[in-house]
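Participant: Next up is a structure, given as structure tokens.
The values are calculated or read from the model by the stated rules, or taken from the named source; none is laboratory data. Worth saying up front: this structure is predicted, and the values here are computed from it rather than measured. Neighbour counts are summed over all protein chains in view; Cβ atoms, including those assigned to glycine, are modelled from backbone coordinates with ideal geometry.
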């Protein structure tokens, strides 16, 4: 088949999202913190946006602001602001400010208090820094220090060595004996157990630091890790021909060891959840408050609006750029207003549909789907999905993700019940069980059946795993 170039006309139907609609969708799915960062960036890039103490919604814009701004002829000449701007002198500005030196790059020691040196600490030392500090204080050869640095660089945040000795030897160009000596040096460092290659070696290093070599504690760690994990203490006692109480005392020592020695030196910052919506109970009912703390409150700058009305103030290309920026500022304000209204409406609907949950707690959570909320609000299901994605709601029972309020339905003697409510009931049953005789999945299913909730044993096991609850054997503290 020959290749050729030709022009063709085709008719087709396509669904194209306008830039304004794309921006509205983007803002709608942004959580609180991401929205704050986005608006701060827009405030820097768009000269027509300025921050104000009072929030300005799109409905508060004047009729002139809502009209199209693609006007070539200005309405009036208010040349004063432009003349002042054009005659602005940088030298005069610095002459006015030279008294305290604040704007010319230095501070006057007599008027400004110097900052504390504690403010210059960028971050706390992590596990890598802690180990490297100990290595540099060690009296070892340079080759061992070089191999030790490579070893420390391959220790993960939990304190385990993730590279083999052969890889470390090849990377450092050292002898195998030097690598092994370097590893032995690092394994003697604080925290105890660091530099281990598996959990058994990690625990044995801690046993060595406690001077418990040769005891039943060391024997259990070396030979009975599988039985220890499954809490088969009777089997361990029979194998070592010791009383069960001696085994339980040794197990108590092992439980006091640290399986992740590096986690106390973790440099990871905690992730705090900032609710997007607050629900506050009052005498008249619930009050819905959108979280706007730290979010810039924006409005269209009146200075730049007046500047745009000047005769021949800017070249045609510059004026077109400013027109686009002003249009972008107005569309952003409208999209923000639409976002807040939509989130408020969805929260109001969830409050109405899940009234028992907000009044009485998780046990009263009802089955709910996105489609049900969308039908009540006369919105598309995808819109409700964007509103509830990665957003959190704070009420008197705690902070919950919006998606927590949506769950599938399970049949019961009292009608349908939420799967989230069933999970909470399973967690409550397990928390109240006896530690020496934990309940099996079948026992839990039978207890749920007494509450008119009929689910299979495998469903209980599935929910238990989703909740992070160990199995019956793992929950048993001692075997008889």
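Participant: For residue 449, all conditions in the list (1) in contact (Cβ under 8 Å) with a residue 24 or more places away in the chain; (2) part of a helix (DSSP H, G or I) hold save one; what is the number of the exception?
Facilitator: Going through (1) in contact (Cβ under 8 Å) with a residue 24 or more places away in the chain; (2) part of a helix (DSSP H, G or I) one by one, residue 449 breaks only (1).
Participant: Let me confirm something: among 231, 211, which residue is without any contact (Cβ under 8 Å) to a residue 60 or more places away in the chain and on the phi > 0 side of the Ramachandran plot?
Facilitator: Matching residue, one of 231, 211: 211.
Participant: Let me ask something else. Right, residue 157: closer than 25 Å to residue 260 by Cα, assigned to a helix (DSSP H, G or I) and modelled with pLDDT of 75 or more or not?
Facilitator: Here the answer is no, as residue 157 does not meet what is asked.
Participant: Failed condition for residue 187, given (1) more than 30 Å from residue 237 (Cα to Cα); (2) touching a residue at least 40 places away in the same chain (Cβ under 8 Å); (3) touching a strand residue (DSSP E or B) at 6+ places or on another chain (Cβ under 8 Å), with all others met?
Facilitator: Checking residue 187 against (1) more than 30 Å from residue 237 (Cα to Cα); (2) touching a residue at least 40 places away in the same chain (Cβ under 8 Å); (3) touching a strand residue (DSSP E or B) at 6+ places or on another chain (Cβ under 8 Å), the one that fails is (2).
Participant: Moving on. Tell me, which residue of segment 239-263 that is touching a residue at least 40 places away in the same chain (Cβ under 8 Å) and in a loop (DSSP other than H, G, I, E, B) is surrounded by the most Cβ atoms within 10 Å (Cβ to Cβ)?
Facilitator: Result: 261.
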